[in-house]
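For reference, the structure discussed in these notes is given below.
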Amino acid sequence: MQRLTLLSLGSINADFQVRVDEPAGSRETQLAHDLCRLSGGKASNTAYLGARFGHRSLLLGRVGDDELAEQALDPLRQAGVEVDNVGRAAGQSTGVSMIMVPPDGKKNIVLATNANDCWDDPAIEAMVAVIDGCATPACLVLDYEVPAPVVRQALEAATRNGIQAVLDPSFPDRVEQALLPRLYAITPNVSEAEGLVGHSLGTLDQLAHAARQQQRDGPAVVCIKLGDGGCVLTTADQTLHIPPGDVEPVDTTGAGDAFTGVFAVALLEGLEPREAAAWGVAAANLAVTGYGSQPAYADRQQVIELAQKLLEKARRLDG
Ligand code: ATP
Ligand code: RIB
């Protein structure tokens with residue numbers, strides 16, 4: 001069987017996660033429990049899923065030369081992700097996320113980007129060389145939790161090598177709009193979509209309109225991840241609402257990454273965008289039912305079963 005490659009470029013973090021019994025920030029000093037030290041960051045999370053779904057999964061990014069780098073990378077190595085091309089930024093700390101999870105599961109994150117933002121020219125050249133040398137078929141998943149020039153050069157390399165790119169536009173204020181047409185797909189959450197279009201998006205019709213607006217001169221596929229776990233998908237010939245499943249959220253950390261990672265895996269496997277989006281919704285819905293990001297991610301069979309049910313409930317928004 002032909003080997004498919006998922007390339008993940010973006011943030012690599014050490015996550016420190018706790019549960020809190022009251023909404024985050026409700027007291028000056030807040031009591032917490034259930035501390036977990038996990039591998040995290042958007043690129044780490046999508047790379048983990050690439051390996052979990054049985055593909056060659058290659059992580060690109062930067063960690064520090066501290067002990068936190070192993071917290072970020074070791075679980076990925078154990079899962080089969082290739083981490084040899086992750087660079088070490090001398091004298092820097094690895095990226096750190098401090099995450100509070102209240103009883104409703106809606107996490108609050110404080111992120112110190114640290115090494116994620118430390119790229120020199122040799123680091124960028126090494127990253128570009130990996131993309132240039134990557135066997136196809138491959139898909140590149142990117143986020144903007146690394147500097148914009150890094151994303152730009154990665155996207156240029158992907159374009160010249162016929163590699164489809166999928167962007168999670170976090171942080172939205174770093175996004176270079178001129179690059180959007182080079183992407184195959186973009187997967188903003190609602191607030192990121194609002195950042196991209198410049199106004200608030202309250203209703204499904206407004207979200208559908210915004211997705212179409214982004215798709216017209218931009219990526220072939222726009223998929224807005226909704227706060228309830230569903231999504232609005234637009235391609236050249238359809239706009240679709242895929243509703244969420246009926247799940248009890250425990251922790252939403254990394255659920256957006258589960259969406260983007262599994263969506264990219266499905267596209268890499270040749271699925272149509274509507275099926276890929278249903279896989280993404282299913283993966284995100286299942287991810288919120290457990291504590292932590294990577295430890296809560298579901299496997300292929302669970303995702304496929306739920307995705308089939310969700311697709312039956314999908315509804316067109318373009319009349
Ligand atoms: P992250 O960066 O942590 O991966 P995000 O910031 O991109 O996530 P959020 O808006 O915080 O996205 O929500 C995380 C994900 O959790 C959403 O994509 C959504 O699919 C899922 N989610 C949130 N609430 C629910 C819910 N009640 N039921 C199912 N899924 C939910
Ligand atoms: O998207 C969620 C991830 O990014 C977490 O693993 C955490 O590192 C956050 O910053």
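The values are calculated or read from the model by the stated rules, or taken from the named source; none is laboratory data. The model shown is predicted, which means the values in this text are computed figures rather than measured ones. Methodologically, a virtual Cβ is constructed for each residue, glycine included, from the backbone with ideal geometry; neighbour enumeration extends over all protein chains shown.
Points worth noting:
- In the range 234-265, residue surrounded by the most Cβ atoms within 10 Å (Cβ to Cβ) [restricted to those that are more than 13 Å from ligand 1 (Cβ to nearest atom) and closer than 13 Å to Leu310 by Cβ]: Leu240
- Sole residue being in contact with a helix residue (DSSP H, G or I) (Cβ under 8 Å, 6 or more places away or on another chain) and more than 16 Å from ligand 1 (Cβ to nearest atom), chosen from Leu31, Leu58, Leu35: Leu58
- Cβ-Cβ contacts under 7 Å between residues 6 or more apart (or on different chains), taken from a first residue in the range 195-223 that is closer than 24 Å to Leu155 by Cα and modelled with pLDDT under 95 to a second residue that is in a helix (DSSP H, G or I) and small (Gly, Ala, Ser), are listed as Val197/Ala210.
- Inter-residue pairs, beta-carbon under 7 Å, first in contact (Cβ under 8 Å) with a residue 60 or more places away in the chain and on the phi > 0 side of the Ramachandran plot and in the range 248-270, second within 15 Å of ligand 2 (Cβ to nearest atom) and among the hydroxyl-bearing types (Ser, Thr, Tyr), 6+ apart: Gly254/Ser293
- Pairs with Cβ under 7 Å, 6+ apart, first in the range 272-290 and closer than 15 Å to Asp246 by Cα and within 14 Å of ligand 2 (Cβ to nearest atom), second of a type in the set (S, T, N, Q) and not in a helix (DSSP H, G or I): Val288/Thr252
- Flag if Ser26 is within 16 Å of ligand 2 (Cβ to nearest atom) and either of a type in the set (Ser, Thr, Tyr) or in a loop (DSSP other than H, G, I, E, B) (or both): no
Per-residue answers, yes or no, for (1) of a type in the set (Asp, Glu); (2) over 18 Å from the mean Cα position of the chain (by Cα); (3) more than 16 Å from ligand 1 (Cβ to nearest atom):
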residue: Arg62; (1), (2), (3): no, no, yes
residue: Asp66; (1), (2), (3): yes, yes, yes
residue: Gln71; (1), (2), (3): no, yes, yes
residue: Val81; (1), (2), (3): no, no, yes
residue: Ala89; (1), (2), (3): no, yes, yes
residue: Ile99; (1), (2), (3): no, no, no
residue: Pro122; (1), (2), (3): no, yes, yes
residue: Met127; (1), (2), (3): no, yes, yes
residue: Ile131; (1), (2), (3): no, yes, yes
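- Restricting the range 133-145 to residues that are of a type outside the set (A, V, I, L, M, F, W, C) and more than 16 Å from ligand 1 (Cβ to nearest atom), the residue that is surrounded by the most Cβ atoms within 10 Å (Cβ to Cβ): Pro137
- Complete set of residues in the range 277-291 that are away from ligand 1 (no atom under 11 Å from the Cβ) and in contact with an Asp or Glu (Cβ under 8 Å, 6 or more places away or on another chain): Gly290, Tyr291
- Flag if Gly227 is surrounded by fewer than 15 Cβ atoms within 10 Å (Cβ to Cβ) and over 16 Å from Ala276 (Cβ atoms): yes
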